[in-house]
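Step one of this worksheet: look at the structure below.
The values are calculated or read from the model by the stated rules, or taken from the named source; none is laboratory data. Keep in mind it's a predicted model, so treat the numbers as computed, not measured. Because the Cβ atoms are built from the backbone with ideal geometry, glycine has one as well, and the counts that use them run over all protein chains shown.
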């Protein structure tokens, strides 16, 4: 009896008061995808619509699109943006989007001004304090909370579940391959420096919010692959690219290394579904609580169902619980490449 009381007291300190009658914390499932659709809508539209319909049939509350909603050589016209906005509104539940390089930066390949296109994206896709999709959720924008970063309406965050032991989500705006820090235009490089400062501040605030809510997990989503691999045959250990030093190397990694909760980083860019833990701290040690998941993309027009599992049961001393995250590919029945090339490590 005394042991049970002691365990309850400890759990109260760590997670707030509990009782034997408290409702168990349930898994939370959502969908992630990105780097699609690539190519003319006449060719790629049917497969993309099929994937959206499959996701809708699952009736999950949330989908995250990590950017590059068109290829890097597709038009950057307002008509293209309208088409992709219509696709986002086809999702039956909430859809959260974070921009990729194809969506604005690479528009200079076709003679468009990238910063003007970025502003057009912000006005169209991030005009209000709610997500996209047919059943939008409330989101907080960095621009509304941090006057110093008043342009960055695309950096979003939201919570899911109870005030304690719930989930914290946040997006931050990176673009491949090197976050535009080495772009040939001075104004684009200047934008990249400010955006990286905004990203670093927003990531730090996400961790602060997760700590204050005693979150059971923090989920971050962005577009770019932030790592480069010295051995291209071996992607289990990466080095952070120069363009993401402030947001990832100097902010995300040390905060994740010290966090009491698991962290999941979702991104696109590479078009290969990967689940692993490639990040290391300043001492060169693996950061065990920081997972990364790269979505499918391009010809692999599939999605991933992500499950955030409950933490260990405080009523069961020694219970390790399940792995914090689980990943299930959603095979698009009309994808031109149904091979589902994946690399999943635990």
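The table that follows gives values for the structure above.
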| item | result |
| --- | --- |
| Tally of residues being crowded, with 18+ Cβ neighbours inside 10 Å and more than 30 Å from residue 28 (Cβ to Cβ) across the range 80-100 | 1 |
| Test: residue in the range 184-207 that is modelled with pLDDT of 95 or more, within 17 Å of the chain's Cα centre (by Cα), assigned to a strand (DSSP E or B) and surrounded by fewer than 23 Cβ atoms within 10 Å (Cβ to Cβ) | no |
| Residue 158 in contact with a strand residue (DSSP E or B) (Cβ under 7 Å, 6 or more places away or on another chain), in a strand (DSSP E or B) and either more than 24 Å from residue 344 (Cβ to Cβ) or at pLDDT below 95 (or both) | yes |
| Some residue of the range 169-182 being outside any helix (DSSP H, G or I), buried (at least 16 other Cβ atoms within 10 Å of the Cβ), over 16 Å from the mean Cα position of the chain (by Cα) and at pLDDT below 95 | no |
| Top-ranked residue in the range 212-239 [being touching a residue at least 24 places away in the same chain (Cβ under 8 Å) and outside any loop (DSSP other than H, G, I, E, B); ranked as nearest to residue 174 (Cα to Cα)] | 221 |
| Residue ID - modelled with the lowest pLDDT, chosen from residues in the range 315-340 that are closer than 25 Å to residue 45 by Cβ and in contact with a helix residue (DSSP H, G or I) (Cβ under 9 Å, 6 or more places away or on another chain) | 336 |
| Residues that are within 18 Å of the chain's Cα centre (by Cα) and free of Cβ contacts under 8 Å to residues at least 60 places away in the same chain, drawn from the range 71-96 | 88, 91, 93, 94, 95 |
| Meets criteria (in contact (Cβ under 8 Å) with a residue 40 or more places away in the chain, over 19 Å from residue 203 (Cβ atoms) and in contact with a strand residue (DSSP E or B) (Cβ under 7 Å, 6 or more places away or on another chain)) for residue 118 | no |
| In the range 135-153, residue surrounded by the most Cβ atoms within 10 Å (Cβ to Cβ) [restricted to those that are assigned to a loop (DSSP other than H, G, I, E, B) and touching a helix residue (DSSP H, G or I) at 6+ places or on another chain (Cβ under 8 Å)] | 152 |
| Count - residues of the range 119-134 that are part of a loop (DSSP other than H, G, I, E, B) and surrounded by fewer than 19 Cβ atoms within 10 Å (Cβ to Cβ) | 4 |
| Filtered residue count, the range 66-79, keeping only those that are buried (at least 16 other Cβ atoms within 10 Å of the Cβ) and closer than 22 Å to residue 296 by Cβ | 8 |
